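The block underneath contains the structure these notes are about, expressed in structure tokens.
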Amino acid sequence: MIDPDLPTARPRLVTALTMFALSQLIVLTAAAAPSAGKPVTLQLEKSVLLMRHGVRAPTQSPEELAQSSRRPWPQWPVAKGELTERGAALVTVLGRYHRQHLAAAGLLPAEGCPAAGSIGVWADNSAKRIALSGQALLDGLAPGCDFKPYFAPPPGVDPLFQPVETGTCPIDHDKARAAILDAAGGSLGAAAASVRPALLKMQGILDVRSNVGCEVGVSSCGIDGFANRLETGPEGVRLEGGLKAATTVGENFLLEYLQGFADKDVAWGDAATPETLAPLLAPRNLYLKLTRRPAYIASRNGTTLAKTVLAILEAEAANPPAAADTPLRANQWVAIIGRDIHLATLGGVLGLDWTLPGQPDAHAPGVALRFERLRHPNGQRYIRTSVVYQTLTQLRAEAALDLAHPPATVVLHIPGCAQDEIDGACPLPKVHARFLEG
């Protein structure tokens, strides 16, 4: 693990260190300003993904959801919360693309099995769908090979993914509440009002009212009138009420669309196109922005994950793992498979936010944060950070992906690195500092 504490220089070393720092600045400046007419080519050395699992069934059964709509919810081919066969297939499609991308860069052979220790997958152990998604990714990346995803043995909780729950990073409830309220502009009600058009549309689809959970003084309400409140628990501070309910409903409609349900069964036919579905994901994006991205909350939930990703990126290929049972030390490609909250949390740690053209859910199934370590001809290392994802159209059609028809990619820019970027990549020392700021 990377130690953020640097030793204090002794006075007799000041001059030498100053000269070293100056030499590094000169090299970095030269790297950032290539000679005119000769663009610099950065060589890919290693790729690390943090990816959300694939398409699953809703986490509530149709019977449990029954009271939330005047119409019956559709039946799913798997139990609640489980990865579907189609969900696994869509992740496998991504794996095939990543293999082609890595082969084109010379990291993996175009055919056959990658060498032991060259690739690895580590999955959150909190739900079976996550490890199964890791296997589906490997099935696409290395078909017919004996690679398996690894995960912490259940029922123990993996501190990489749940550091607050395991006590690795205790959280102060008062600070967490203040962070959420600050992100909400001081008022949960005002934050919810910013997505009121989506809530009204959702209420028009659900068409039910309740006398429980409404705003104070209101005897009956729909999902657009539910109150929002903060509650505390072992995992920190939770946002309960209207935004959480709308997050669940919007995601369920999205899952129906991605699973390939007939148009009449996607929100009962009321949100069966990208244009009608997209607005209903606004409450979900807001919910994760409030509950996972605030700096204090992200630092408690995501510092362990951030340091792990950084350690993988900085590990040298000259010291590959001796066996295949150390997936986080694989020397060319590592995938960490988690949930939507982990994508949002790491984005919060790094000060990164994103919207995805063609995909209204910023943390949809299969969405991945990709960190690529690249080498400049002068030996300097750079990190390119991007979001790689399938669009709604690609997911709905279960479209094949390859280098000619790739998934969508949005390059993210590390704060404070604009002047030093080359082709969207930031010098590794600056990325290192940003990872440890969280």
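Going by accessible surface with a 1.4 Å probe and the largest first, E398, E85, E372 read E85, E398, E372.
So how do H405, H53 rank on accessible area, 1.4 Å probe, biggest first, that is with the largest at the start?
Largest to smallest exposure gives the sequence H405, H53.
The mean sequence separation of alpha-carbon pairs under 8 Å and at least six residues apart, normalised by the residue count of the chain, gives a relative contact order of 24 percent. Label positions at E63 and H405, each projected 7 Å from the Cα along the C-beta direction, are separated by 4.2 nm. Please label the shape of region 220-322 as rounded, prolate or oblate, based on the square roots a ≥ b ≥ c of the eigenvalues of the alpha-carbon gyration tensor (a/c under 1.5 means rounded; beyond that, a/b larger than b/c means prolate, else oblate). Note, shape of region 220-322 comes out oblate. Name the residue, out of G120, G242, G156, whose mean-square fluctuation peaks in a Gaussian network model built on the chain with Cα pairs under 10 Å. Of G120, G242, G156, the Gaussian network model singles out G156 as fluctuating most.
Relative to the longest principal axis of the Cα atoms of the chain, the long axis of helix 85-104 lies at roughly 20 degrees.
Each residue, T166 and A193, gets one label point 7 Å from its Cα in the Cβ direction; the gap between the two is 4.3 nm. Projected onto planes of every orientation and averaged, the convex hull of the alpha-carbon atoms in the chain covers 23.8 nm².
Shape class for region 292-407: oblate, because the ratio a/c of the largest to smallest gyration tensor axis (alpha-carbon atoms, square roots of eigenvalues) is 1.5 or more and b/c is at least a/b. Length available on full extension from K175 to S220: 0.36 nm per residue minus the Cα-Cα distance, which gives 12.9 nm. With a cut-off of 16 Å on the backbone N, no residue of region 39-53 is near the modelled label site 7 Å out from A110 along Cα-Cβ.
The values are calculated or read from the model by the stated rules, or taken from the named source; none is laboratory data. The structure presented is a predicted model; accordingly, all values stated were derived computationally and were not measured. Positions of Cβ are generated from backbone atoms using ideal geometry, with glycine treated the same way; all protein chains shown enter the neighbour counts. The protein model used for the area step is the full one, side chains on, heavy atoms only, and it has no ligands, DNA or RNA in it. Shrake-Rupley method; radii C 1.70, N 1.55, O 1.52, S 1.80 Å.
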